[in-house]
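Each value in this text was obtained by applying a stated rule to the coordinates, not by laboratory testing. Keep in mind the model is a prediction, meaning the values are calculated, not measured. Cβ coordinates were reconstructed from backbone atoms using ideal geometry, including for glycine residues, and neighbour counts include every protein chain displayed.
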Amino acid sequence: MGVVNLTKTLKGKTGWVSISPDHKRVIAQARTFRGLLEKLKKMGNPNGFIMIAARDFSNYIG
Amino acid sequence: MPIKIWYESLPKLPQILWPIVELNLHFKDVSLPQRIHALVDSGANRSVLHPLIAEAIGFDRRKLGKPKTGGFSASGSYKAWILPELIDVYMYGYTFSVRFTVIDNKQLIWPCILGEDSIFEFARLDFQKYKGYFEIGFRRDIN
């Protein structure tokens, strides 16, 4: 185990995404959060986590 | 035993490492179908929830009234609602309740931000970025 690299998994993705627990696969993707929830529901709400695939995270200053 | 969590790297600038956790939210009888990404931000004095997440778990922004101006971040000022009720947060087998601030910005890039008023009240955090991970030790006196 080590630093989790999501750059490959998220390559070319924008909007709301659901990622597999091993961080290696996009389960579902949608432009809107509601759209993502609908897709997940149709898939039987598989295990995973939801995040936002931003075009650029580097601009965020917390 | 503290819980060891690896930092995450994200697109565009993978050399930046982010302290991120995955958590479940629960409000009344509603919860989300999956965990959500949450940034752990020691520089944030309030914990923030994305407006669409808040809506999905039952908070109608129209009923919350107009968002209040007055918050400031490194990105400038913002309008926000402070939720009138606590939301239960589940992570790594522990639960705590948080009064989230919902920023009136649908373009927010984090579903959730855990600031000083949430996880830092319930756990000891030991950031070891040079090793690529951080540790969360939940308080035993309340958990």
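Which Cα, out of B:Leu125, B:Gly93, B:Pro111, lies furthest along the positive dipole direction of the range B:24-138 (beta carbon charges, K/R +1, D/E -1)? Looking along the dipole axis, the top candidate is B:Pro111. Taken over the protein assembly as shown, the alpha-carbon convex hull comes to 124 cubic angstrom per residue. Using the Cβ of B:Ile57 as centre and a radius below 13 Å, the other residues enclosed give a net charge of -2, where K and R count +1 and D and E count -1. Considering only B:Ala38, B:Ala56, B:Ala123, the mean-square fluctuation computed in a Gaussian network model of chain B, springs between alpha carbons under 10 angstrom, is largest for B:Ala56. Considering every alpha-carbon pair of chain A, the percent of pairs per 5 Å bin, from zero through the bin containing the longest distance, is 4, 18, 27, 23, 17, 8, 3, 0.
For the pair chain A and the range B:126-143, the centres of their Cα atoms are 25 angstrom apart. Straight-line reach from A:Lys42: taking Cα to Cα under 25 Å and skipping same-chain neighbours fewer than 8 places apart, the lysines in range are A:Lys11, A:Lys13, A:Lys24, B:Lys28, B:Lys106. Helix A:33-42 sits at what angle to the longest principal axis of chain A, using alpha carbons and giving 0 to 90 degrees rounded to 10? The answer is roughly 50 degrees.
Restricting the calculation to alpha carbons of the range B:37-143 gives Rg and Dmax of 14.5, 46 angstrom. Compared with the alpha-carbon gap, the fully stretched path from B:Lys79 to B:Asp117 is longer by 11.8 nm at 0.36 nm per residue.
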